[in-house]
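Down below is the structure, laid out as C-alpha cells.
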Amino acid sequence: MKIIGISGSPHKNGNNDKIIDYVLDIAKQKKFITGKILLSHYDIKPCQACGHCKEEKKCVIKDDFNKLIPLLEEVDAVVVSSPVYFGSVSAQLKSFFDRTIVLRRQGFLLKNKIGAAIAVGNSRNGGQELTIQAIHAWMHIHGMLVIGDNNHFGGIVKAPFDDDDTGKMTIKETTYKLCDLLERLQ
C-alpha cells in the first residue's frame with residue numbers, strides 16, 4: 001500500500017517538508033511505499049472554475065498540476081501538512097485543493113482513501129486546528145476517510161518543527177494510526 005505526503009508550504013526544506021519526511025520515514029519503517037509532493041517545487045495556479053474538467057480528466061490551465069493527478073490516483077493514503085497563514089492553509093495548498101476538483105468530477109477518484117492532516121503555527125495555539133479543519137473539509141468533500149491522532153485532529157506543531165517534541169508526538173501518533181488503519185484494510 002502507498003502513502004503520499006503533501007507539503008503545502010512555499011518554502012523549500014522548511015518545517016512542512018521536514019514533517020513530510022518525518023511522516024514518510026515512519027511509514028517506510030512499517031514497510032509502506034511512499035511518495036511526496038512538495039508544492040514549493042511546482043507551479044500551480046488557482047482554479048478558474050471554467051468547468052473543462054467535467055469533460056476530461058485534466059485541467060486546461062498551463063502549469064504543473066496535471067502531472068500530479070496520477071500520483072494522487074495511485075495512493076491509498078494522503079498526509080497533508082500546511083503552514084498556518086492567517087488562520088488557514090497556505091495559498092499554494094488552497095490552489096492545489098481547488099484544482100483537485102477534477103478528481104471529484106471524474107468519479108470521486110480520492111474516495112475511500114485515508115487522509116490525515118498536520119498544521120504548523122508560530123505558537124502552540126496559532127490556528128493549527130482551523131488549518132486542520134480546512135484540510136479535513138477538503139478530504140471530506142472528496143469522500144476520503146479522515147483520521148486524527150486519537151486525542152486531537154491530527155498533527156499540531158509549533159515552529160520550528162525540530163524543537164517541538166510535543167508536536168512530533170502528535171505527528172507520530174497520527175502516522176501510526178494511519179498505518180494501523182491501512183494494515184487493517186490489507
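The values are calculated or read from the model by the stated rules, or taken from the named source; none is laboratory data. It should be emphasised that the depicted structure is a prediction, and the values quoted were computed from it without experimental measurement. Cβ sites come from the backbone with ideal geometry, for glycine too, and all protein chains shown count toward neighbours.
Quick look at the values:
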item	result
Residue match in segment 146-155 (condition: in contact with a Leu (Cβ under 8 Å, 6 or more places away or on another chain) and surrounded by 19 or more Cβ atoms within 10 Å (Cβ to Cβ))	yes
Given (1) under 17 Å from the mean Cα position of the chain (by Cα); (2) surrounded by fewer than 22 Cβ atoms within 10 Å (Cβ to Cβ); (3) among the small types (Gly, Ala, Ser); (4) part of a loop (DSSP other than H, G, I, E, B), index of the condition residue 9 fails	(2)
Where a residue in segment 166-182 is within 9 Å of residue 154 (Cβ to Cβ) and its partner, wherever it lies, is of a type in the set (Phe, Trp, Tyr), with Cβ under 7 Å and at least six apart	171/22
Cβ pairs under 8 Å, 6+ apart, first in segment 33-53 and on the phi > 0 side of the Ramachandran plot, second of a type in the set (Ser, Thr, Tyr) and surrounded by 14 or more Cβ atoms within 10 Å (Cβ to Cβ)	none
Qualifying residue in segment 97-114 (condition: under 23 Å from residue 14 (Cα atoms) and either in contact with an Asp or Glu (Cβ under 6 Å, 6 or more places away or on another chain) or surrounded by fewer than 18 Cβ atoms within 10 Å (Cβ to Cβ) (or both))	no
Pairs where the first residue, in segment 91-112, is touching a residue at least 12 places away in the same chain (Cβ under 8 Å) and the second is of a type in the set (D, E, K, R) and in a helix (DSSP H, G or I), C-beta under 6 Å, 6+ apart	105/54; 109/73
Count of segment 61-91 residues which are in contact with a helix residue (DSSP H, G or I) (Cβ under 8 Å, 6 or more places away or on another chain) and at pLDDT below 95	2
Close pairs (8 angstrom Cβ cut-off, 6 or more residues apart or separate chains): among the charged types (D, E, K, R) in segment 63-77, at pLDDT below 95 and assigned to a helix (DSSP H, G or I) anywhere	76/185
Among the residues listed as 136, 152, 140, the single one being in a loop (DSSP other than H, G, I, E, B) and without any contact (Cβ under 8 Å) to a residue 24 or more places away in the chain	152
Positions within segment 133-148 being in contact with a strand residue (DSSP E or B) (Cβ under 7 Å, 6 or more places away or on another chain) and within 14 Å of residue 178 (Cβ to Cβ), in sequence order	135, 136, 139, 144, 145, 146, 147
Answer residue from segment 84-107, given it is touching a strand residue (DSSP E or B) at 6+ places or on another chain (Cβ under 6 Å) and not in a helix (DSSP H, G or I) and is farthest from residue 143 (Cα to Cα) among those	84
Residue check, residue 123 touching a Lys or Arg at 6+ places or on another chain (Cβ under 8 Å) and closer than 18 Å to residue 153 by Cα	yes
From 57, 28, residue being loosely packed, with under 15 Cβ neighbours inside 10 Å and either of a type outside the set (Phe, Trp, Tyr) or not in a loop (DSSP other than H, G, I, E, B) (or both)	28
